[in-house]
1. With the requirement that a residue be of a type in the set (Val, Ile, Thr) and either in a helix (DSSP H, G or I) or not assigned by TED's automatic domain parsing to the domain that holds ASP201 (or both), what does segment 129-169 give you?
2. Filter segment 25-69 down to the residues that are outside any strand (DSSP E or B), of a type in the set (Phe, Trp, Tyr) and closer than 26 Å to LYS122 by Cα and list them by number.
3. Of all residues in segment 188-204, which are in contact with a Ser or Thr (Cβ under 9 Å, 6 or more places away or on another chain) and closer than 17 Å to THR158 by Cα?
4. Please name all residue pairs, on different chains or six or more residues apart, with Cβ atoms under 6 Å, provided the first residue is in segment 172-192 and is hydroxyl-bearing (Ser, Thr, Tyr) and the second residue is in a helix (DSSP H, G or I) and at pLDDT 95 or above.
5. So, in segment 31-49, of the ones that are touching a residue at least 40 places away in the same chain (Cβ under 8 Å) and either surrounded by fewer than 17 Cβ atoms within 10 Å (Cβ to Cβ) or out of contact with any helix residue (DSSP H, G or I) (no Cβ under 7 Å at 6 or more places or on another chain) (or both), which residue ends up farthest from GLY176 (Cα to Cα)?
6. Could you grab the pairs with beta carbons closer than 8 Å, sequence gap of 6+ or different chains, first residue in segment 77-104 and closer than 23 Å to LEU197 by Cα, second one surrounded by fewer than 17 Cβ atoms within 10 Å (Cβ to Cβ) and of a type outside the set (Phe, Trp, Tyr)?
7. Pairs only if they're at least six apart or on different chains, beta carbon under 8 angstrom, first in segment 10-27 and surrounded by fewer than 24 Cβ atoms within 10 Å (Cβ to Cβ), second among the polar types (S, T, N, Q) and not in a helix (DSSP H, G or I); list them, first residue then second.
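The values are calculated or read from the model by the stated rules, or taken from the named source; none is laboratory data. Quantities reported herein were computed from a predicted structural model and do not represent experimental measurements. Reconstructed Cβ throughout: ideal geometry from the backbone, glycine too, with neighbour counts over all protein chains shown.
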Amino acid sequence: MIKLYDLAGADENRRFSPYCWRIRMSLAHKGLEVDCVPWRFTEKEKIAFSGQERVPVLVDGDKTVSDSWNIAKYLETQYPDSPSLKLENGEVLFLKFWTETVLHPGLIKLLLLDVHNSLTEKDKIYFRESREKLFGKTLEEVVNGREERLPNLQKLLTPLSLTLKQQEFLAGESPGFSDYIVFGAFQWARCISDFSLLQADDSIYEWREKMLGLHDGLAGNAVGYSV
């Protein structure tokens with residue numbers, strides 16, 4: 001069975017990495033069974049064999065692959081007879097870079113303290129020290145006034161909302177890796193925070209609900225919040 005090292009909180013069933021969710025959804029998309037191994041920020045030695053310090057790390061027999069993009073390409077090549085992730089679609093790389101450079105930074109400034117609060121005590125120390133050094137302020141200061149800043153995020157999401165009014169999924173009539181990339185960000189938020197980001201009448205909310213129901217409710221049944 002394929003093994004996936006997957007970021008977890010104090011509750012090992014709270015899996016919240018947006019990058020890991022891309023791969024969990026991709027594995028389900030291809031009908032592949034996987035053993036998701038809980039991994040935490042301070043457990044660097046647990047994945048030292050992979051040659052780097054971040055998840056996701058996928059182990060498939062004697063193959064070890066890291067980085068969500070590399071893993072998706074590996075799955076598409078290694079399992080060509082299972083449903084395609086549509087990596088050849090022209091929008092995939094744009095959505096990858098937009099998600100990582102625009103959406104993730106926008107979300108983290110709203111959710112940083114919630115991530116901290118979901119961690120083990122050891123991870124909390126690591127997370128606070130590293131993120132406060134990165135942002136140059138306390139976690140509390142980073143998220144302060146997030147309710148007033150939420151409309152800025154929703155404005156940022158306008159192109160996504162307009163796209164999903166025109167088509168069922170970002171990849172077209174059926175989901176692909178483009179959807180899993182963007183969905184990973186919203187699932188990250190849903191798994192660690194009860195702060196509501198989306199309005200129920202928005203096309204992004206409707207799309208997220210469809211994504212939560214895919215693959216026998218894989219994401220919808222995960223530990224998280226009803227937001």
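1. So the first thing to find is which residues in segment 129-169 are of a type in the set (Val, Ile, Thr), and the list is 138, 142-143, 158, 163.
Selection gives VAL142, VAL143, THR158, THR163.
2. Filtering segment 25-69 down to residues outside any strand (DSSP E or B) leaves 25-33, 40-56, 61-62, 67-69.
Imposing the further condition that a residue be of a type in the set (Phe, Trp, Tyr) reduces the set to 41, 49, 69.
PHE41, PHE49, listed by residue number.
3. Narrowing segment 188-204 to residues in contact with a Ser or Thr (Cβ under 9 Å, 6 or more places away or on another chain): 188, 190-194, 202-204.
Correct list: ASP202, SER203, ILE204.
4. Here the result reads SER178/VAL92; SER178/LEU95; TYR180/ARG22; TYR180/MET25; TYR180/SER26, each pair linking segment 172-192 to a residue that is in a helix (DSSP H, G or I) and at pLDDT 95 or above.
5. Filtering segment 31-49 for residues that are touching a residue at least 40 places away in the same chain (Cβ under 8 Å) and either surrounded by fewer than 17 Cβ atoms within 10 Å (Cβ to Cβ) or out of contact with any helix residue (DSSP H, G or I) (no Cβ under 7 Å at 6 or more places or on another chain) (or both), the one farthest from GLY176 (Cα to Cα) comes out as THR42.
6. Within 8 Å, the pairs are VAL102/LEU156; LEU103/LEU156.
7. Note: pairs meeting the criteria are ALA10/SER118; ALA10/THR120; ASP11/SER118; ARG14/SER118.
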